[in-house]
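Reviewing the structure listed below.
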Amino acid sequence: KLAQPTIAGGATAAELADLDRRHLIRSMPNGAVTERVVIVRGEGCTVWDADDNELLDAAGGGVWHSPIGHGRRDMAEIAAAQMSRIEFFTSLYEFSNDQAIRLAARLAQLAPEGIERVAFSSGGSEAVETAIKAARLYHHRRGEPDRTWILARHYAFHGATYGSGTATGFPPMQFGVGPNLPHVEKLSPPYLYRADQLYPDQDPTDFLIAELEETIARIGAGNIAAMLGEPVMAGAGVLAPPADYWPRVREVLSRHGILLIADEVVTAPGRLGEWFMSDKLGMQPDMITMAKGIAGGYAPLGATLMRDEIADALLRDGGFFHGYTFQGHPVACALGLATLDIIEREDLLGNARRIAGWLRSGLAPAVDLPVVGDLRVEGTLAALELISEPVHRTPMGWDQVIAVAFEVRRAHGVIVRPYGSNLVLAPPLVLTEAEARRATAATVEVLRRLHPDGTLAPC
Ligand code: PMP
């Protein structure tokens, strides 16, 4: 065995990267991900690597999970105070804890009308898993055990566990690990940039609603438990639906007794300038999943929020045999409460809306470039869909988009993320106007050097 310098501390970035290659399993890999950027500290929207290089985080901590910025002393003090009171005691069985109770009550206060109850977990996949099980068990307890099918959408991301991973519309998640969860059906996403290709000569919502109705007729309404959908599809490349989409989906589902689960793991709290985007878009969800930014990124935390009627059905007839050891962890929940307080106190919903304007104006010069097919900005999420030719708008390859993101970091010290053919910015909600200007200018500068064949001209 080789000596491991990091265990004693003080290793260089190169040494850490080497140990990373040897010992860490990299999730969601891609052939082109050859680099290791070892982040060791942060403050606000700035992070530093192990060689003390400064980087501007325009990706919300990398996976759009950081609303309140990095390295906050107030959050560290809250965690330390809770740990010195008690770090953790189970909240299963007869036990509970003050922080989980307070956070559940606060979420119920902020959530859309009718959503009152909360089941905690440690992340988004677990929260989605809870929602899928809750939907099936709800129908079972009400005497409709055949309602087992889950409707989801192509290109959606819902998680990496078997249930959430099967609902995810990204085939590599399911490849080679089957059999996946049975009874999951995928619908078309609302993808307005490609409306003429996906739903030719039709109103997009009309097409999507007809497809939903046909799918329900084919599977049988009495066999379907729930539909799962992000209000705005984040990982798919920031796809916002037409205004009439969710109200019409809701109407169809209600007519057929099918539950609607809003996956707000990315969008709540506050990322799009609203506490909950499902509320704004008229989804009227029966359940909501949250994770990522719910505790500011300072601790892993997930939550599945639901209507009383669903919670009551789960808890009767012997109870809900589904729980995670660390659900309701008091340190995570205390940090969750603090995150919500900070969002309120620092007017981060307002800032999220201001950020939308800065992203839109800063990225506007890229729209006319031949490699940019579409610019989509929703709150603090921005996606530039890159194309390799203008006629069919062929999506740029993921490897090329990865190279573009790397170049934005290398040439300008700004972190943006590649998602398929999309280059995505999703900064913390505390981003300043000057930081927005720097992030967008860096992105536009590199895109100006990108050829449709995916090669980059030198600086
Ligand atoms: N839902 C959505 C919408 C997500 O984007 C993600 C993660 N990207 C998840 C669920 C899964 O969350 P986690 O990675 O915390 O398990």
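Numbers below:
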read-out: Any pair with Cβ under 7 angstrom, 6 or more apart, that starts in the range 306-321 at a residue that is surrounded by fewer than 12 Cβ atoms within 10 Å (Cβ to Cβ) and ends at one that is of a type in the set (S, T, N, Q); value: none
read-out: Residue tally, condition under 21 Å from W149 (Cα atoms) and either hydroxyl-bearing (S, T, Y) or buried (at least 17 other Cβ atoms within 10 Å of the Cβ) (or both), over the range 191-211; value: 2
read-out: Enumeration of residues in the range 163-178 that are within 14 Å of the ligand (Cβ to nearest atom), modelled with pLDDT of 95 or more and over 16 Å from A134 (Cβ atoms); value: G165, T166, T168, G169
read-out: T205 vs. criteria assigned to a loop (DSSP other than H, G, I, E, B) and either more than 26 Å from D347 (Cβ to Cβ) or in contact with a helix residue (DSSP H, G or I) (Cβ under 8 Å, 6 or more places away or on another chain) (or both); value: no
read-out: Identity of the residue in the range 240-269, more than 20 Å from F207 (Cα to Cα) and assigned to a loop (DSSP other than H, G, I, E, B), that ends up farthest from the ligand (Cβ to nearest atom); value: G257
read-out: Exclusive hit being crowded, with 23+ Cβ neighbours inside 10 Å, outside the structural domain of G60 (by TED's automatic domain parsing), within 16 Å of the ligand (Cβ to nearest atom) and on the phi > 0 side of the Ramachandran plot, set G229, G237; value: G237
read-out: Residues (of a type in the set (D, E, K, R) and either within 16 Å of the ligand (Cβ to nearest atom) or farther than 17 Å from E116 by Cβ (or both)) located in the range 278-290; value: K280
read-out: Candidates L181, L212, L208 - the one that is aliphatic (A, V, I, L, M), over 18 Å from G257 (Cβ atoms) and away from the ligand (no atom under 16 Å from the Cβ); value: L208
read-out: The lone exception for A152 - which of (1) more than 16 Å from the ligand (Cβ to nearest atom); (2) closer than 26 Å to Y245 by Cα it fails; value: (1)
read-out: Test for I132: is it under 17 Å from L314 (Cα atoms), within 16 Å of the ligand (Cβ to nearest atom) and in contact (Cβ under 8 Å) with a residue 60 or more places away in the chain; value: yes
read-out: Selection status of F95, loosely packed, with under 15 Cβ neighbours inside 10 Å, under 28 Å from D286 (Cβ atoms) and more than 28 Å from the chain's Cα centre (by Cα); value: yes
read-out: L431 touching a helix residue (DSSP H, G or I) at 6+ places or on another chain (Cβ under 9 Å), of a type in the set (A, V, I, L, M), assigned to a strand (DSSP E or B) and at pLDDT 95 or above; value: no
read-out: Checklist (1) touching a residue at least 60 places away in the same chain (Cβ under 8 Å); (2) crowded, with 16+ Cβ neighbours inside 10 Å; (3) farther than 14 Å from L253 by Cβ; (4) in contact with a Gly (Cβ under 9 Å, 6 or more places away or on another chain) applied to I150, failing item; value: (3)
read-out: Test: residue in the range 370-378 that is in contact (Cβ under 8 Å) with a residue 12 or more places away in the chain, of a type in the set (V, I, T) and touching a Phe, Trp or Tyr at 6+ places or on another chain (Cβ under 9 Å); value: no
read-out: Of the criteria (1) in a loop (DSSP other than H, G, I, E, B); (2) within 25 Å of the chain's Cα centre (by Cα); (3) surrounded by fewer than 21 Cβ atoms within 10 Å (Cβ to Cβ); (4) of a type outside the set (S, T, N, Q), which one C459 fails; value: (2)
read-out: So L381, is it in contact (Cβ under 8 Å) with a residue 12 or more places away in the chain, touching a Phe, Trp or Tyr at 6+ places or on another chain (Cβ under 8 Å) and closer than 26 Å to N53 by Cα; value: yes
read-out: Number of positions in the range 153-186 that are in contact with a helix residue (DSSP H, G or I) (Cβ under 7 Å, 6 or more places away or on another chain) and surrounded by fewer than 17 Cβ atoms within 10 Å (Cβ to Cβ); value: 3
read-out: Of residues in the range 300-319 being within 16 Å of the ligand (Cβ to nearest atom) and in a loop (DSSP other than H, G, I, E, B), the one nearest to A76 (Cα to Cα); value: P300
read-out: Members of the range 69-126 found to be among the β-branched types (V, I, T) and without any contact (Cβ under 8 Å) to a residue 24 or more places away in the chain, listed by number; value: I101
read-out: Which listed residue is under 26 Å from E87 (Cβ atoms), part of a helix (DSSP H, G or I) and within 13 Å of the ligand (Cβ to nearest atom), from G336, G293, G297; value: G293
read-out: Residue check for I355: buried (at least 21 other Cβ atoms within 10 Å of the Cβ), outside the structural domain of A262 (by TED's automatic domain parsing) and either among the β-branched types (V, I, T) or without any contact (Cβ under 8 Å) to a residue 40 or more places away in the chain (or both); value: yes
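The values are calculated or read from the model by the stated rules, or taken from the named source; none is laboratory data. Please read these numbers as outputs of a predicted model, since none were measured by experiment. Please note: Cβ atoms are built from the backbone with ideal geometry, for glycine as well, and neighbour counts cover all protein chains shown.
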